[in-house]
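In what follows, a structure is listed as structure tokens, so that the remarks can point back to it.
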Amino acid sequence: GGGGGRARPLEGRHALVTSGPTHEPIDPVRYIANRSSGAQGSAIAAALRALGARVTFITGPATAPPPDGVRIVAVETAAQMLAAVNDALPADIAVFAAAVADWRVAEASERKIKKDAGGLPELQLAENADILARIARMEAGRPELVIGFAAETHDLHEAARAKRQRKGCDWIVANDVSPGTCIMGGSENAVTLITGDGAEDWPRMSKAAVAAQLAERVAGHFALQAA
Ligand code: CTP
Ligand code: CA
């Protein structure tokens, strides 16, 4: 792939983007979830599309609308998201913006759990596979540029740097999700981009502007590759 004019620098590139929360069932009517709206992931998919990439958008049950012009794969659980990511490969760019549930209920009940069963239900949890780390550490067919997110409430820079190393991804977009920042569910974001060259604090801006700037950086990476 590659090439294309200045306006569509990602023409011929395939980007996959994960987005939104995942829902992990407890029983047929209940689930474990988180506060992700999917807004940042949708904006990134739209921004990559705008630069000419073909985009596969793998989304959990998000409240933000998906972008136009992308292939949408709707999933519910982390396990389904991992399978959808594997199905979408190969890709040149993979952006893991989803707030994947870290844990699922080990054995979801097939029947609604009732109060009259006596006592309190005990939820046995199991850890979900780390989708980002799996893809970043692929031996063959790894996307050239693997970008993760880091949602932190404290020690943002240090935690994000450590996360980049641990997961083996190329870049990390780190954001502070402490209560009061209004990031999760809000329309703005304040991020730090961690690359192999160090950390850059970006000013607080709209999620659309973060996405546009990130897409430009992606295009810059591929332009350098081609030069
Ligand atoms: N991620 C993933 N699969 C998981 C968990 C996380 O792909 N099962 C991805 C997220 O999409 C994000 C990155 O990993 O790009 C970091 O997610 P985060 O929740 O910040 O990190 P964790 O490794 O889950 O660590 P913790 O939640 O304990 O901080
Ligand atoms: Ca997590």
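The values are calculated or read from the model by the stated rules, or taken from the named source; none is laboratory data. Please read these numbers as outputs of a predicted model, since none were measured by experiment. In this analysis, Cβ positions are derived from the backbone assuming ideal geometry, glycine residues included, and neighbour counts consider all displayed protein chains. With ligands, DNA and RNA removed, areas are computed over all heavy atoms of the protein, side chains included. Shrake-Rupley method; radii C 1.70, N 1.55, O 1.52, S 1.80 Å.
Below is a table of values for the structure above.
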{"item": "Pick from segment 107-144, criterion within 23 Å of the chain's Cα centre (by Cα) and without any contact (Cβ under 8 Å) to a residue 24 or more places away in the chain, ranking: least open to solvent (accessible area, probe 1.4 Å)", "result": "Ala126"}
{"item": "Any hit, segment 148-155, residues being in a loop (DSSP other than H, G, I, E, B), within 13 Å of ligand 2 (Cβ to nearest atom), in contact with a Lys or Arg (Cβ under 9 Å, 6 or more places away or on another chain) and at pLDDT below 90", "result": "no"}
{"item": "Residue count, segment 179-191 (criterion: open to solvent by less than 40 Å² (accessible area, probe 1.4 Å) and touching a helix residue (DSSP H, G or I) at 6+ places or on another chain (Cβ under 9 Å))", "result": "5"}
{"item": "Set Pro67, Pro90: member being under 21 Å from Arg49 (Cα atoms), away from ligand 2 (no atom under 16 Å from the Cβ) and surrounded by fewer than 20 Cβ atoms within 10 Å (Cβ to Cβ)", "result": "Pro90"}
{"item": "Ala84 modelled with pLDDT of 95 or more and either more than 15 Å from the chain's Cα centre (by Cα) or farther than 30 Å from Arg49 by Cβ (or both)", "result": "no"}
{"item": "Residue in segment 47-62 that is assigned to a helix (DSSP H, G or I), more than 16 Å from ligand 1 (Cβ to nearest atom) and in contact with a strand residue (DSSP E or B) (Cβ under 7 Å, 6 or more places away or on another chain) present", "result": "yes"}
{"item": "Counted residues, segment 74-87 - those being more than 15 Å from Ile135 (Cβ to Cβ) and open to solvent by less than 40 Å² (accessible area, probe 1.4 Å)", "result": "2"}
{"item": "Candidates Ala199, Ala174, Ala162, Ala150, filtered to the one that is more than 24 Å from Thr63 (Cα to Cα), small (Gly, Ala, Ser) and touching a strand residue (DSSP E or B) at 6+ places or on another chain (Cβ under 6 Å)", "result": "Ala199"}
{"item": "Residue selected from segment 192-221 under the condition among the β-branched types (Val, Ile, Thr) and not in a helix (DSSP H, G or I), by the criterion farthest from Gln40 (Cα to Cα)", "result": "Thr195"}
